[in-house]
Structure formats: C-alpha cells, structure tokens
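These notes concern the structure reproduced below.
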Amino acid sequence: MASIDQLITNSIIQMAVAEQEVRLADRINALEESSTLGMTKKARELAAQGHKVISLSVGEPDFKTPQHICEAAKKAIDDGFHGYSPVAGYPDLRKAIADKLKRDNNIDWKPENIVVSTGAKHSLANVLQVLVNPGDEVVIFAPYWVSYSEMVKLAEGTSVILDGAFDNNFKVTAEQFEAAITPKTKVVMFASPNNPTGSVYSEAELRAIGDVVARHENVFVVADEIYEYINFTAEGHFSIGSIPEIKDRVITVNGVAKGHAMTGWRIGFIGAAKWIADGVEKLQGQVTSGTNSIAQKAAVAAFNGPLDDAKKMKEAYQRRRELVVGKLKEIPGFKVNVPDGAFYAFPDISALFGKSDGTTTIHNSDDFCNWLLDQAHVATVAGSGFGAPNCMRISTAAADEQLAEACERIKAAVATLS
Ligand code: PMP
Ligand code: GLU
C-alpha cells in the first residue's frame with residue numbers, strides 16, 4: 001500500500017499537471033507526445049540507471065555521416081558562413097537539390113521551387129500549415145509515421161485514415177483512396193519507402209494513385225521520400241511527382257537524415273509548385289528563418305557528391321532485415337511481413353493480446369512494448385501511434401550483434417507469456 005507521504009506527493013504532482021494543462025493552449029493539450037521519441041526517452045532513463053538496454057525505438061541510422069560531408073561543414077566554418085542564410089536556403093543548395101531531383105527522381109523543378117527547412121519533419125509540418133484550412137480533410141495512408149496525424153491537428157485539419165492490409169504488404173490501394181475522397185479532401189500523404197512498415201509503393205501502384213489524383217483537381221499529394229535510398233526492390237524508387245499530369249499538385253519531401261546518416265544536421269526540403277514554395281518561405285520567414293548555415297553547406301556536398309556510402313549503408317540495412325525478419329518469424333505469436341525498404345520490422349503481435357506472465361496481462365501493443373522494456377530491456381515502439389494497434393515497430397538500424405541479442409531477449413520474454 002502507498003504511504004501517506006507518497007499519496008500526498010502524488011496528488012501534488014497531479015495538481016501541478018492539471019494546472020499546466022489549464023495554462024497550455026488547447027492545441028498543445030490536444031497534441032499527442034511523439035511515441036518514437038517518448039520510448040527513446042524511457043530507454044535512456046533505464047540505461048542511466050545502469051540497465052543494459054538495447055534501444056530499437058528511434059529510427060536513426062547507426063552510421064556516422066560520410067567524411068566528405070563532414071569536411072564540407074568544417075570548410076563552411078573556416079570560410080565564414082556564420083550569418084543568417086536566405087530563408088529558403090542558400091542558392092547553391094537549392095540548385096544542388098533541383099539537380100538531385102532531376103538526376104534521381106525525374107522531377108524537373110528549378111531552384112525557385114525548392115525550400116530548405118530544419119529537417120523533413122519541418123518541411124512536412126510547413127506544407128500542411130500552408131495548404132490546409134480548418135476542416136479540410138487530409139487522407140493519410142496507414143500505418144503512417146506518428147507525426148503525420150499530429151501535424152494535421154496543428155493545421156486544424158481532419159485526418160482521414162485509410163488502413164493498408166497486412167496481406168497487401170500494408171499498402172493502401174488506389175480504389176481505397178478514391179472511395180475516401182470527399183469535397184473536403186485537400187491532401188493525401190504517405191511515405192514510400194514507408195515508416196513504420198518498410199513497404200515500397202511500386203511505380204504501377206503510384207501511377208494508379210496518380211490517376212485518382214488527376215481525376216480530383218483539388219487534391220494535393222504530399223510524397224514523403226525520406227527513405228528513398230533505403231530501397232531493396234529490384235525496381236527501385238519511383239517518385240509520384242514525376243507524373244507530368246499532376247506534377248503541380250505533388251509536393252515532394254525529402255532530406256539528408258536517413259540516406260546520408262545525417263539525422264542531427266536537420267536539413268529537409270520540398271520541391272513544389274512556386275506558389276506553394278513561396279507560401280512555405282513566407283511561413284518560415286516569420287517562424288524560423290533560414291536553417292543552419294553550416295548544415296546547409298554540408299548538404300550541398302551530400303547532394304552533389306558520390307552515393308557510395310549511401311549504397312553501403314543500404315546493403316547493411318538489407319542484411320539486417322534478413323537477420324531480424326528471420327529471427328522474429330521464429331517467435332510464436334509474431335506475424336511478420338518482409339519490408340522492402342527503410343530500417344524497420346513491423347510484426348503483428350495481436351496473437352499475444354490477453355496473455356500474461358502471471359503478474360502483467362498484455363492487453364495491447366502499448367502494454368507489450370512497455371512490458372518488453374521492463375522485462376527484457378529492449379526498447380521498441382507500439383503500433384498504436386502509427387495507426388496500427390495490432391503491431392509493434394522494431395528499428396533495425398543497430399549493429400548485427402545487438403539485433404541478434406534483442407531478438408533472443410524478445411523470444412525469451414514471449415516464452416514467459418501464457
Ligand atoms: N518522414 C518520415 C517517414 C520519417 O521517418 C522521418 C524520420 N524522423 C521524417 C520524415 C523526418 O526526417 P528528418 O529527420 O529529416 O526531420
Ligand atoms: N523518424 C524517426 C522515427 O520514426 C525519428 C524519430 C522521430 O522524429 O519521430 O523513429
């Protein structure tokens with residue numbers, strides 16, 4: 001039983017939380033905490049207490065940024081790029097991005113169509129702020145990255161979530177999409193390769209989605225291509241923004257975080273029709289100004305430079321996919337799909353719901369992931385935040401030995417449930 005002191009302390013904490021909530025703006029009270037970052041914080045706290053935690057929660061390359069990119073950053077410091085940068089990004093960076101879009105994606109945008117921001121996350125949030133009016137519907141293909149629905153809330157839009165079936169590799173079909181369109185639909189957004197499922201939409205699937213967009217002239221596409229270089233399919237990456245009929249209504253979002261192992265540098269961008277790019281520049285001019293000058297110069301080297309390192313990292317992720325998928329398939333109760341890209345496994349664990357280790361009963365994926373962190377010290381993320389409550393996400397961006405050990409720990413923990 002809790003002591004009197006403990007009860008008093010708990011009620012003081014509750015009162016403080018309640019008071020904060022009254023003072024915070026409604027838009028922040030309505031916002032969910034990012035579950036990817038939330039689990040990562042919990043894992044760090046456990047590790048600080050001396051536990052041997054394997055953190056497979058945050059989706060972050062475990063590689064260092066390639067040397068030629070780091071050198072460009074050092075040079076930028078020495079060359080004196082210390083002042084404010086233009087709001088939409090340095091001209092050489094916007095040009096390098098326009099060249100990259102042409103080279104890799106067959107998308108023909110000029111530098112004036114490019115806006116550089118503080119990570120692809122910032123680019124996505126900017127686009128929604130610029131396009132979505134209160135009450136507009138934003139169709140989101142689920143499972144989706146946790147921040148999409150919350151960014152839509154911040155833009156006062158309404159999320160319309162469409163579920164990709166496990167048997168269709170978690171992908172939403174063009175038919176599902178068309179059936180969901182209403183006069184209020186403003187945007188459809190999805191990532192390919194996908195976070196959390198790793199699914200890759202093929203060219204044929206994207207052309208079918210493009211046909212639907214072509215038939216609905218008020219609908220815009222936000223195409224999140226941040227995992228572009230981590231694609232294991234023979235066909236490779238296709239960009240929906242390269243379809244000429246809808247080019248003006250596709251906002252291509254990408255950055256350097258995943259493909260170039262540059263999560264901390266915080267560079268993302270959009271390629272879009274000029275009026276949309278101008279809208280984002282206007283917003284950024286009032287909220288953040290141009291992003292970090294040194295990181296921008298590093299990004300020029302990333303976009304103009306060789307892709308050898310990106311290719312090597314992709315090969316490592318592909319090898320780890322085999323390792324993790326193989327091991328997870330051995331665990332009773334885990335239903336595992338084979339991701340075609342990115343660095344996540346996303347098993348369906350609903351067969352474990354209702355089971356117990358004698359003390360804790362697992363009701364849902366949040367219970368399972370919290371229990372796993374406590375019991376096995378393996379940090380993962382529940383599927384609920386990704387719009388897929390039957391699943392859990394395991395990042396495969398870690399050393400092979402760590403991944404093997406994590407899978408063994410998960411297997412041993414699951415064996416204690418009945
Ligand atoms: N989109 C998806 C699907 C992601 O997984 C991430 C990773 N955080 C982002 C966007 C944001 O990337 P960045 O680190 O460039 O903000
Ligand atoms: N994209 C990563 C993830 O999904 C980074 C964390 C975040 O920004 O959500 O884990």
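Quick one: which residues, 5+ away or cross-chain, put their amide H under 5 Å from the amide H of Asp163? H built at 1.01 Å from N.
Hits under the 5 Å cutoff: Ala142.
Please give, to one decimal in nm, the separation of the simple spin-label points placed at Glu156 and Lys311, each 7 Å out from Cα toward the Cβ.
5.0
Where Lys and Arg each count +1 and Asp and Glu each count -1, what net charge lies around Ala316 among other residues with Cβ under 15 Å from its Cβ?
0
Efficiency by 1/(1 + (r/R0)^6): what FRET value for Asp79 and Thr360, r their Cβ-Cβ distance, R0 = 45 Å, to the nearest 0.05?
0.20
How much of the accessible area of segment 132-200, in percent, comes from carbon and sulfur atoms when a 1.4 Å probe is used?
Result for segment 132-200: 51 percent of the exposed heavy-atom area is carbon or sulfur.
Per residue, how large is the accessible surface of segment 275-328? Use a 1.4 angstrom probe and give square angstrom.
On a per-residue basis, 46 Å².
With the full set of protein chains in place, find how many percent of the accessible area of segment 351-418 is carbon and sulfur; take the probe as 1.4 Å.
Working: 1200 of 2570 Å².
The C+S portion of the solvent-accessible surface of segment 351-418 is 47 percent.
Starting from the Cα coordinates of segment 198-305, work out the convex hull volume and express it per residue in Å³.
Residue-normalised Cα hull volume stands at 125 Å³.
Could you provide, to the nearest whole Å², the per residue accessible area of segment 225-274 with probe 1.4 Å?
With the other protein chains kept in place, segment 225-274 gives 28 Å² per residue.
Where Lys and Arg each count +1 and Asp and Glu each count -1, what net charge lies around Phe170 among other residues with Cβ under 13 Å from its Cβ?
-2
Send over the Kirkwood Rh of the chain, from the inverse of the averaged 1/r over different Cα pairs, rounded to one decimal Å.
Kirkwood hydrodynamic radius for the chain: 22.5 Å.
Based on the mean of other beta carbon atoms within 10 Å per residue, what is the order of 389-400, 49-60, most packed first?
Details: 389-400: 21.9, 49-60: 17.8.
Top of the packing list down: 389-400, 49-60.
Give me the log10 of I(q) over I(0) for segment 193-261 at q = 0.11, 0.13 Å⁻¹, as the Debye formula computes it from C-alpha points; what are the numbers?
So the normalised log intensities work out to -0.27, -0.37.
Taking 7 Å along the Cα-to-C-beta vector as the label spot, tell me the Glu112-Lys41 distance in nanometres, rounded to one decimal.
Here the modelled spin labels are 4.4 nm apart.
Whole-Å semi-axes of segment 67-123's equivalent ellipsoid, largest first, each the root of 5 times a Cα gyration tensor eigenvalue?
Equivalent-ellipsoid dimensions as semi-axes: 22, 14, 11 Å.
Quick one: which residues, 5+ away or cross-chain, put their amide H under 5 Å from the amide H of Val188? H built at 1.01 Å from N.
Close amide H contacts, sequence-distant or interchain: Val139, Phe220, Val221, Val222.
Accessible area per residue, 1.4 Å probe, Å², for segment 375-418: what's the number?
Working: 1460 Å² over 44 residues.
So segment 375-418 comes to 33 Å² accessible per residue, rounded to a whole number.
Separation between the Glu32 and Glu405 pseudo-spin-labels, each 7 Å from Cα along Cα→Cβ, expressed in nm?
Each label point lies 7 Å from its Cα, and together they span 3.1 nm.
Rounded to a whole number, what is D in µm²/s for segment 294-418 from Stokes-Einstein with the Kirkwood radius over alpha-carbon pairs (25 °C, 0.890 mPa s)? If you can, show how the numbers build up before the last one.
On the way: Rh = 15.8 Å.
Taking Rh from Cα pairs, D becomes 156 µm²/s.
Would you work out what percent of the accessible area of segment 62-107, with all protein chains in place, is carbon or sulfur (probe 1.4 Å)?
Solvent-exposed carbon and sulfur of segment 62-107 make up 58 percent of the total.
The values are calculated or read from the model by the stated rules, or taken from the named source; none is laboratory data. What you are looking at is a predicted structure, and each value in this text was computed from that prediction instead of being measured. Note: ideal-geometry Cβ built from the backbone for every residue, glycine included; neighbour counts use all protein chains shown. Areas reflect the complete protein model, heavy atoms only, side chains present, ligands, DNA and RNA absent. Shrake-Rupley method; radii C 1.70, N 1.55, O 1.52, S 1.80 Å.
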